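What follows is one structure encoded as structure tokens, with my remarks underneath.
The values are calculated or read from the model by the stated rules, or taken from the named source; none is laboratory data. The structure displayed is predicted, hence computed values, not measured ones. As a convention, Cβ positions derive from the backbone with ideal geometry for all residues, glycine included, and neighbour counts pool all protein chains shown.
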Amino acid sequence: MCGITGVSVLDETAGQPAFDGLVTLQHRGQESWGVAVGGPEGVRVRRALGFASRSECGAPAAWPGGSVAVAHTRYSTTGATLLENSQPLVHEARRMALAHNGDLTNAAALRALLVRGGYGFRSTGDSEVILALLAGATTNADTGPDTETDTGPGTGAGAGIGSIVAAVTRAVRVLRGGYAVVCAAGDRLLAFRDPHGLRPLVAGFAPGRAAAASETCALDALGCPEQREVEPGELLVLRDGRLEGAYRVAEPAPRASCVFEHLYLTRQDSRIGGTRAGATRVAFGERLAMESPVDADLVVAVPASGVPAARGYARAAGLPLAGTLVRDEQVGRTFIEPDRSRRERKLRSKFSIGSPVDGARVVVVDDSIVRGSTMRRIVALLRESGASEVHVRIASPPLVAPCHYGVDIVDTGELVAAGRETGEVCRIIGATSLAHLSVAGMRHTVGSAAGEGLCEGCLTGEYPTRVDGTRDKFRLVPAQAPRHVTPPGALHPR
């Protein structure tokens, strides 16, 4: 789910727009942030845990000069919330910096091969596997690494375009899973995506500026009106603020973009396939009202991500939409908190009642239920406020299986809908009734025939690539290494 941004400019001011793009993607990760700027003196990187702060880094003087920069805001799905796992990751010898969104399903096997070949890892996430491969540690899936990272042909400073395309092609050939990558390599910005398009990546252009990012809202903020999707299995090479070339680096594969981007992850004003995510969610709510009507007096939205679906539900049902729930904007997204205790602590202060609903029959609409703790808290608040009935309507199908490609839905036991009938989930959250948008209704709204073009693994348990059926967030962490969270505010020593 992480947010990534890469910027190429004509002058030496790439750091500031890269940071600005990162801030627009803060909803995709809040554990750490970082910006790396490539210039004549090499790569300079700044990383810290917690939210990015405009007051700290908003001035142009905060960034060293450089024509290319990459930025990252982290939501951990592999590796602990430690500073060494913050991105961008840097390879000093190659003058490269990389930011990655996604999860590699074969990271452990590739890492073992690379270690055997002499590469020394400095992080316990899967992203450094990609950096090692791009830097020149080519890997044969059967025989292991055949060149070490500092001697093999790579993508760093001084590499020609042919060498760059060849290095990315070699890496993509052995990588498995979901990934979107931006990489500063010398004075070039590389942007590429897995062959199925599991993770999102878009590119934008303006005179003297070219950028790649996880969402179009970042491109809008950077003033890049000409926009396009980075196609699955495609590599874009950006240089001096323009597109130097576009290359096919993987054989065509069935498209399988993440359905959770439509349901929850993407910011409402970002566009997926030309349609704003907020408009799609309004349509989800309208479809939900048609599929699961209920006699009620008013509709209550769960802010902020549930508001579009609630608006659609209220409009289709002919019911008033009440602004009953108030959300503390300082809390952030509790879904992406890395551990349960922090989620529970923040949840206690996240919502409150702004206006009472004495005696009303309420329909509360949200975009999804994952663990059930948020909705249980909301139902209790509405009942305390005087609601006579609380009918819960969810504008997505039930989440019943783990994600293997970059969303921290790891343990099926954490998913309240996994292995339970709707009635049992209804009792757990304390609601009068509960209904979800159907898979067919979701597909119809997105415009997908039988799920074509979508990864629906978390909804159906069927995945577009081979997976081993298990997930372990700490699979790359040595047994003796810490798995705790470093205190927020700790700065990277660079």
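Quick notes on this one:
- Answer residue from region 1-36, given it is among the hydrophobic types (A, V, I, L, M, F, W, C) and more than 22 Å from the chain's Cα centre (by Cα) and is surrounded by the most Cβ atoms within 10 Å (Cβ to Cβ) among those: Ala14
- The residue of region 405-420 that is nearest to Tyr264 (Cα to Cα), among those that are surrounded by fewer than 23 Cβ atoms within 10 Å (Cβ to Cβ) and of a type outside the set (A, V, I, L, M, F, W, C), is Asp408.
- Residue list for region 206-219, filter: over 16 Å from Leu235 (Cα atoms) and either hydroxyl-bearing (Ser, Thr, Tyr) or touching a strand residue (DSSP E or B) at 6+ places or on another chain (Cβ under 8 Å) (or both): Ala206, Gly208, Arg209, Glu215, Thr216, Ala218, Leu219
- Scanning region 390-432 for residues that are within 25 Å of Val307 (Cα to Cα) and either hydroxyl-bearing (Ser, Thr, Tyr) or in the same structural domain as Gln30 (by TED's automatic domain parsing) (or both) yields Ser396, Thr422, Thr432.
- Residues satisfying the stated conditions in region 381-418, i.e. out of contact with any helix residue (DSSP H, G or I) (no Cβ under 9 Å at 6 or more places or on another chain) and either of a type in the set (Gly, Ala, Ser) or within 24 Å of Ala289 (Cα to Cα) (or both): Leu381, Leu382, Arg383, Ser385, Gly386, Ser388, Glu389, His391, Gly406, Gly413
- Residue satisfying all of: in region 203-221; surrounded by fewer than 24 Cβ atoms within 10 Å (Cβ to Cβ) and hydrophobic (A, V, I, L, M, F, W, C); nearest to Ala166 (Cα to Cα) among these: Phe205
- Selection within region 448-461 - under 10 Å from Pro397 (Cβ atoms), in a helix (DSSP H, G or I) and not hydroxyl-bearing (Ser, Thr, Tyr): Cys458, Leu459
- Considering the conditions (1) at pLDDT below 85; (2) crowded, with 24+ Cβ neighbours inside 10 Å, Ser53 is excluded by exactly one of them, (2).
- The residues of region 105-160 that are part of a loop (DSSP other than H, G, I, E, B), at pLDDT 50 or above and either among the polar types (S, T, N, Q) or not assigned by TED's automatic domain parsing to the domain that holds Arg239 (or both), listed by number, are Thr105, Asn106, Ser123, Thr124, Thr155.
- In the set Ala450, Ala481, only one residue is aliphatic (A, V, I, L, M), at pLDDT below 95, surrounded by fewer than 18 Cβ atoms within 10 Å (Cβ to Cβ) and on the phi > 0 side of the Ramachandran plot; that residue is Ala450.
- Within region 233-282, being closer than 25 Å to Val70 by Cβ and among the aromatic types (Phe, Trp, Tyr) holds for Tyr247, Phe260.
- Meets criteria (under 30 Å from Gln26 (Cα atoms) and either modelled with pLDDT of 90 or more or touching a His at 6+ places or on another chain (Cβ under 9 Å) (or both)) for Ala180: yes
- Qualifying residue in region 316-335 (condition: assigned to a helix (DSSP H, G or I) and modelled with pLDDT under 80): yes
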